[in-house]
Every structure is written in structure tokens, then in C-alpha cells.
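Derivation of every value follows stated rules applied to the coordinates shown; laboratory data play no part. Predicted, not measured: the structure shown is a model, and the values here were computed from it. With ideal geometry, Cβ positions are generated from the backbone for all residues, glycine too; neighbour counts draw on all protein chains shown.
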Amino acid sequence: MNKELVLRTLFFILLVLLQVLVFSNMRIGAYVPYVYVLFVILFPIKSDRYILLLSSFLLGLSLDFFFSSGGVHAAACTIIAYLRPQVLKFSFGRSYEFQTIKFSKVPIAAKIAYFSILIVIHHLVLFLLETFNLSFIGYSLKNTLFSSIYTLLLSLVLVTLFSKRKE
Amino acid sequence: MQQVISYLLKKKNFLFFILLLSISLVLTIQSHSFHKSKFISAANDVTGGLYESVNHVNEFVNLDTYNERLLKENARLRKELSNFNFNSVANELKNVPYEFIPAKLIQNSFHKKNNILVINKGAIHGVTTDMGVITTNGIVGVIESVGENFSTVLSVLHIQSQINVQLKKTNHIGSLVWDGETPFKVQVADITKVASIKVNDTIITGNYSIFPQGINVGKVVRAELDQTQNYFDVDVKLFNDMSNIGYVYVVKNKALKEINELLIQGQNE
């Protein structure tokens with residue numbers, strides 16, 4: 001339990017640093033990948049829901065401090081943390097109910113579905129709240145689409161690299 | 001009562017979610033309202049310190065450009081100074097109401113709609129909110145929130161930014177805003193049709209702003225009457241390259257304190 005806690009905390013800090021120092025500077029045009037959502041996506045399935053909610057909220061809030069953005073990242077993270085069980089069920093079906101999923105061993109289609117649903121919801125909330133103005137809805141939707149694709153590709157690459165090294 | 005409690009216990013995850021979501025939404029709404037001290041900002045020692053240490057690399061790469069800019073500014077100032085008689089100017093300079101605090105931009109941003117920048121000077125260096133931030137070439141933005149050692153700047157490339165400007169030629173005033181389209185063009189609103197504004201006219205900071213009057217802002221690239229035929233739609237190209245800012249000056253208006261005190265006195269009487 002304690003080992004798990006230390007690992008999660010390190011992963012948390014690593015993702016915040018990587019997001020601020022690396023991913024935010026990997027801009028293509030106006031599109032930035034928000035790879036830090038991997039924290040919510042890869043959070044252990046068996047853990048308590050309120051721990052996931054709280055740590056996702058804190059993760060978003062830390063990024064809000066770095067980007068001086070109020071609470072937009074916190075809101076987006078909290079929402080995907082809350083919706084995660086439903087998305088898991090939708091993407092992985094029965095195996096989720098037995099809680100036996102290993103992210104490195106699930107079929108690739110289900111994995112892409114799971115990643116992309118959470119990423120799109122996160123980015124949509126993020127960009128809608130960022131402008132907080134319906135006259136910029138075109139901007140929000142366009143950014144959601146392209147940033148989501150970018151985030152998804154980077155996340156999948158990172159996850160694949162990371163899990164291969166583990167074996 | 002017991003039923004209510006057991007119901008709440010069953011829904012405790014949902015309630016916790018609503019609590020966290022409301023906190024984030026309150027913080028978001030607060031960040032979108034003008035003239036409020038912001039709690040969530042990068043003007044603290046942790047985020048500022050990290051940005052500053054990373055910025056050292058960036059500074060090294062751009063050192064040549066920054067040096068050249070400084071040389072050009074010095075040359076320009078020397079030329080202006082050579083027109084004056086030193087003794088008479090020295091006396092006048094004592095009465096200049098502005099002070100300039102040099103600072104370094106340690107975090108830039110220009111691709112979002114709400115661009116907030118971070119500089120490495122804060123409260124202990126005399127920075128307070130609502131001070132103007134300029135460079136050698138033009139204006140950058142307005143101080144938004146101040147920490148001990150760092151401050152954040154609301155960039156002119158922020159959809160809520162609004163700065164009093166005027167036409168250099170005719171002194172007609174307007175306000176500098178940004179429609180969020182491209183970081184290369186900003187807009188001037190409220191220029192009336194009597195102002196005969198043309199392409200290539202220069203826009204400078206106005207009389208009623210936190211900036212000293214007459215600081216260069218940009219050049220008009222498009223000026224057309226709007227649908228009502230009463231006001232101009234004006235696009236301006238900034239003199240500043242917002243993607244490469246480097247060193248800045250924070251403008252401290254010493255007279256502002258006096259003016260505010262007078263205003264408060266006037267209200268009390």
C-alpha cells in the first residue's frame with residue numbers, strides 16, 4: 001500500500017514536470033498535447049473512487065498554478081475521474097467487472113477507445129472553460145479535435161514504450 | 001433522518017465529485033472576472049522558480065538578439081538625448097512621474113486565447129497589480145497578480161485585455177483589444193468615423209492609461225468602417241514580436257498613488 005502511494009506520488013510529480021517543461025513546448029501550430037491525463041487514465045482500477053477524484057483534482061490544480069488558468073484543468077480532470085468507471089465499462093465490457101484488466105494486455109481497439117473517450121471529454125471541458133464564452137465555440141471544438149488526436153498519439157506511444165521496458 | 005444519512009452515504013462519491021467540481025468552477029469563474037486578486041497563478045516561488053531555472057537555457061540561446069536590441073535602444077536614446085541640453089533636462093527628469101523596473105520574461109505564451117506571462121520580479125521589487133509592462137519596441141501587457149519574487153502579466157494577446165490607445169497623428173482615442181484570431185494582429189475598438197485613420201498609421205498608448213503616453217504600440221494594417229458606419233474596424237500589427245520578448249520594463253506610475261489618494265479624499269468629503 002505504501003509502496004503504491006509513493007509510486008503514484010512520483011508519477012504525479014513526474015507528469016506535472018513533463019507537462020510543464022516538455023509537452024507544453026511540443027506545440028504544433030496552436031495545438032498542445034496534454035499528456036498528463038495519463039495519470040487519470042492509468043490510475044489503478046481497484047483503488048477507491050474518492051482517492052482517484054481527489055488526486056485528479058489536485059493534479060489539475062497543480063497545472064492551473066503553472067498555467068495561471070484558474071480552475072480549468074482541475075475541472076476537466078475531476079470530470080474525467082468521475083466518469084472513468086462508466087468509460088471503463090463501455091470500453092472493456094465484462095472484464096472490467098471482474099477487475100482483471102492489465103492495460104498492457106487488453107486488445108488495442110478497446111485501449112484506443114478507452115484512451116480517446118477520456119481524452120476528448122477532458123479536452124472539451126478544458127477548452128470550453130478556457131474561453132468561457134460561447135462565441136469562441138468554434139475555437140474550442142477545433143482545438144478539442146486536434147489536441148485530442150495529438151495527445152492520444154503521444155500517450156499511446158509513451159504507454160507502449162513504457163510497458164515494453166517493464167517486461 | 002436515518003434514511004437521509006444512508007442516502008447521502010450511498011451517494012458520497014457523487015457529492016465529493018460535486019464539491020471538487022464546484023471548487024474548480026468557482027476558481028475558473030474568478031479567473032475570468034476582471035480586477036480581482038487571483039489565487040491560482042504562477043506568481044509563486046515554486047512555479048516561478050521552476051520557470052526561471054529552465055529559462056536560463058533559453059536566455060543563453062537568445063543572448064545575441066537581446067544584446068542587439070539593447071544596443072539599438074541605447075543608440076536611439078543617445079540620439080534623442082543629443083538634442084537636449086543636459087542641465088535643463090536633469091532638472092526636468094526629477095519630476096518624471098514614472099519609474100521603470102527591469103525584469104525578465106521567464107514564461108511566454110501566445111497561442112492560447114488567455115495568454116498569461118510570468119516575469120521574475122515581484123512585490124519585493126516594487127511591482128504591484130495594474131502596472132504596465134513594455135519592451136524596447138512596444139507594449140506587452142498589464143501586471144495581473146503579484147507574488148513575492150514573481151508576477152504574472154495579462155498579455156495584450158488575451159481576449160479580456162483592454163488598453164487605452166490613441167492615433168499618433170490625430171490623437172483620437174480608442175481601446176486596444178484582441179479578437180483571439182491570430183497572435184500577429186490586434187484590434188482597436190471605438191475609433192469614430194471622424195478620425196481619418198489610414199493603413200500604416202501608428203498607434204501609441206493614450207493619455208488615460210497606466211502606460212506613459214506615447215509608447216509605440218503598432219501599425220494599422222486594415223481600417224474599414226463597420227456595419228453601423230459610425231466606427232472603424234481597425235487591425236493593428238504590434239511592433240513587439242510577442243513570440244520572442246526577453247527583457248521587459250515594468251512601468252511604475254508614481255503619480256498614480258497621489259491620484260488615487262485624491263480620489264479617495266474626494267469620495268470621503
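Would you check which residues across region A:72-97 are small (G, A, S), in contact with a Leu (Cβ under 6 Å, 6 or more places away or on another chain) and without any contact (Cβ under 8 Å) to a residue 40 or more places away in the chain and list them? If the condition is that a residue be small (G, A, S), in contact with a Leu (Cβ under 6 Å, 6 or more places away or on another chain) and without any contact (Cβ under 8 Å) to a residue 40 or more places away in the chain, then A:A74 is the only one that fits. Figure legend. Inter-residue proximity from region A:46-59: first residues without any contact (Cβ under 8 Å) to a residue 12 or more places away in the chain, second residues of a type in the set (A, V, I, L, M, F, W, C), beta-carbon distance below 6 Å, spacing 6+ or different chains. Indicated pairs: A:Y50/B:F16.
Tell me whether region B:201-220 contains one or more residues that are surrounded by fewer than 19 Cβ atoms within 10 Å (Cβ to Cβ) and more than 14 Å from B:Q166 (Cα to Cα). No; the residues of region B:201-220 include none that is surrounded by fewer than 19 Cβ atoms within 10 Å (Cβ to Cβ) and more than 14 Å from B:Q166 (Cα to Cα). Among the residues examined, B:K237 qualifies as assigned to a strand (DSSP E or B), without any contact (Cβ under 8 Å) to a residue 60 or more places away in the chain, over 13 Å from B:K168 (Cα atoms) and of a type in the set (K, R).
Considering region B:226-243, the residues that are loosely packed, with under 15 Cβ neighbours inside 10 Å and out of contact with any strand residue (DSSP E or B) (no Cβ under 6 Å at 6 or more places or on another chain) include one that is nearest to B:S151 (Cα to Cα), namely B:S243. Residues in region A:101-139 that are over 19 Å from the mean Cα position of the chain (by Cα) and in a loop (DSSP other than H, G, I, E, B): A:K105, A:P107, A:F132, A:N133.
Report whether or not B:V177 is among the β-branched types (V, I, T), more than 11 Å from the chain's Cα centre (by Cα), within 14 Å of another protein chain (Cβ to nearest Cβ) and buried (at least 16 other Cβ atoms within 10 Å of the Cβ). The answer is yes for B:V177.
Go through region B:162-174 and give me each residue that's over 12 Å from the mean Cα position of the chain (by Cα) and in a loop (DSSP other than H, G, I, E, B). Show your work before the answer.
At the first step, the residues of region B:162-174 found to be over 12 Å from the mean Cα position of the chain (by Cα) are B:165-174.
Correct list: B:K168, B:K169, B:T170, B:N171, B:H172.
Would you mind stating whether B:K38 is touching a residue at least 24 places away in the same chain (Cβ under 8 Å), within 30 Å of A:I79 (Cβ to Cβ) and within 12 Å of chain A (Cβ to nearest Cβ)? Yes, satisfied.
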